[in-house]
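*Asks:* Let me begin by handing over the structure; questions about it come next.
Derivation of every value follows stated rules applied to the coordinates shown; laboratory data play no part. Just so it is clear, the structure is predicted and the values come from calculations on it, not from any experiment. Cβ placement follows ideal geometry from the backbone for every residue including glycine, while neighbour counts extend to all protein chains displayed.
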Amino acid sequence: MLFCAGAGTCSVGAAVCGVGVASGVFSGSGVGRTLAVSSDFSARLSETVVLPIAGLVLTFVMCYELIQMIIDRNNLHDIDTWMFFKWVFKTFCAVMILSNTFNIVMAVFDVAQSVINSAGGLISGSTAVTPGMMDALRADLMAMDIGPLIGLFLQSFLIQIIVLALNIVVFVIVYGRMVEIYLLTSLAPIPFATVVNRELGSMGHNYFKSLLAVGFQGLLILVCVAIYAVLVQSIAVSGDPIGAIWSTIGYTVLLCFTLFKTGSLAKSIFGAH
């Protein structure tokens, strides 16, 4: 019985500790280092490869803008010189926006990161498994009969597989958002080249909304993790270890579901599509 209790404690403890890994994915230091390494590559790609293409797009957009301004004035019968000054001013603004595209994109993410850091200081919950929780779990297992211990030991293998799958899902969601940020940053000059045009500017406007949505999606992820930490802390380990473990698994599944919804929710809030 002591052997079964010890084996059950090890297996169940590994499963419970594995659930805590789901929140460890959100560690700011690892994500920050990865962003620092990849931001230079995104900047070089945006400025050397995509920016010349965006220059061609801007040339087409401004020529289309000039033709549209002339035609709108009674089919060339009512032309004022002021419209050319207006076109020059719009072209100047478009060139300035295109020249500072990467700075604008980084400003959006800096604002979002500042909001996330401020919100992170308000979160006091933790999903860490303390030694006291493990001692209480071990005491409960020692008091159980051989039959329930064997059943719990077999369940622990299933729990470990589920926890591994959930950790992979959380990892994919969080780092998938990072990859999406890199992709948006790399192609930023092309949609920004269209923002000054009334008809074609919807591409640039929607791109800017997508930037805000992806940036503030991190805040929604942080809220989900905070709620998850509160729910996990409310679980009573002593008395019913099997129920506590499956409750933790259920809360982790809920975390994965809410993380999946953060992207669509952020886009719906900012009107991106």
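*Asks:* Could you rank the peptides 225-232, 184-191 by their average count of other C-beta atoms within 10 Å per residue, with the highest value first?
*Replies:* Descending mean neighbour count gives 184-191, 225-232.
*Asks:* Using DSSP to define loop residues, name the trypsin sites (Lys or Arg not before Pro) in region 41-111 whose beta-carbon has at most 10 other beta-carbon atoms within 10 Å.
*Replies:* Sparse-neighbourhood loop trypsin sites (Lys or Arg not before Pro): none present.
*Asks:* What is the sum of charges, Lys and Arg at +1 and Asp and Glu at -1, for the other residues whose Cβ falls under 14 Å from the Cβ of G263?
*Replies:* +3
*Asks:* Once both labels are modelled 7 Å past Cα along the beta-carbon direction, what's the F171-S99 spacing in nm?
*Replies:* Roughly 4.5 nm, to one decimal.
*Asks:* Run the dipole for region 143-273 about the Cα centre, Lys and Arg Cβ at +1, Asp and Glu Cβ at -1, nothing else charged, and hand back the magnitude in debye, nearest 20.
*Replies:* Around 480 debye, computed over region 143-273.
*Asks:* Please quote Rg/Rh for region 136-273 to two decimal places, taking the Kirkwood radius as Rh and restricting both calculations to Cα atoms.
*Replies:* My calculation of the ratio gives 1.22.
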